[in-house]
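Below is one structure, written out as structure tokens, with a few remarks after it.
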Amino acid sequence: MPPAGSHTERDTRARVARLILEHGPVTASTLGERMGLTPAAVRRHLDALLAEGMIEIRKARTPQTRRGRGRPAKWFAITDAGRNAFVHAYDDLASSALRFLAETAGDHAVAEFARRQIADLERRYRPVVQDAPPQQRVRTLAEALSGDGYAAAAAKAPQGAGEQLCQHHCPVAHVAAEFPQLCEAETEAFSRLLGTPVQRLATIAHGDGICTTHVSSRSLCGTERADGPAASVAPGGDAGESSPEHTLTDEESGRTSL
């Protein structure tokens, strides 16, 4: 029989790990203030998490202000093993819920769920993306995604035919491997945000190293109105119909004439 209070200890330790995951790197004093723990209690939980490989000690991210005598403060960050412990628990629950939804309401219900999930992200990103100059919108979207943990970056596409939006992390990769509707909804949102057709070239969910989305060069030329509708595509699919006033050339679309 476990000793009295053991469940409370584990629960508190899990809360410490979650705070480090969500707000780290953080110091022990910050953790104590947020959780109302004594310095001794914080040290006990941090030592246990370090021993389990859930967290690690990092160097200070910025030069330390004067703290008087004594050692500089330590910063604690989550490790890949610690992150995976949280991710897998969420993945199992999310996969089970989506599997139930597909079995009881059909694949279209999963697609609608994915679109609703991505709608909040799209609403938050739209003002900053549309306020950016047309030639900076892919980079602005990448910065917004990075702020949400996607580790995204923008780069010129090969041969200069448009741009590529690269995401080096996907919080739902394990779930999206079973339910590609999540990737499709995200791709459609990118198209609407950027006001131009996009095409998903690779995804972490399918085993690629990064998620790569090709963005048509029309976004660089500013030929799409910032507030106009965008032609959206599913991963690997064809772009929607272009405006009748503008015919997309092979060079603009990234295709090669034969």
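The values are calculated or read from the model by the stated rules, or taken from the named source; none is laboratory data. All figures in this text were calculated on a predicted structure; none of them were measured in a lab. A quick note on method: Cβ atoms are made from the backbone with ideal geometry, for glycine too, and the neighbour counts reach across all protein chains shown. The area values use the complete protein model at the heavy-atom level, side chains included, leaving out ligands, DNA and RNA. Shrake-Rupley method; radii C 1.70, N 1.55, O 1.52, S 1.80 Å.
Within region 149-178, which residues are open to solvent by less than 20 Å² (accessible area, probe 1.4 Å) and either of a type in the set (S, T, N, Q) or touching a Pro at 6+ places or on another chain (Cβ under 7 Å) (or both)? Matches in region 149-178: GLN167 only.
Residues in region 8-36 that are under 14 Å from ILE78 (Cα atoms) and without any contact (Cβ under 8 Å) to a residue 24 or more places away in the chain were compared, and the one that is least open to solvent (accessible area, probe 1.4 Å) is LEU19.
When you go through ASP131, ASP120 one by one, which is the residue that is farther than 21 Å from GLU186 by Cβ and without any contact (Cβ under 8 Å) to a residue 40 or more places away in the chain? Answer to the selection: ASP131. Looking only at region 103-124, residues that are surrounded by fewer than 17 Cβ atoms within 10 Å (Cβ to Cβ), under 20 Å from TYR150 (Cβ atoms) and in contact with a Leu (Cβ under 8 Å, 6 or more places away or on another chain) come to 1 in all. The set of residues in region 37-57 that are under 27 Å from ASP148 (Cα atoms) and surrounded by fewer than 13 Cβ atoms within 10 Å (Cβ to Cβ) comprises GLY53, ILE57.
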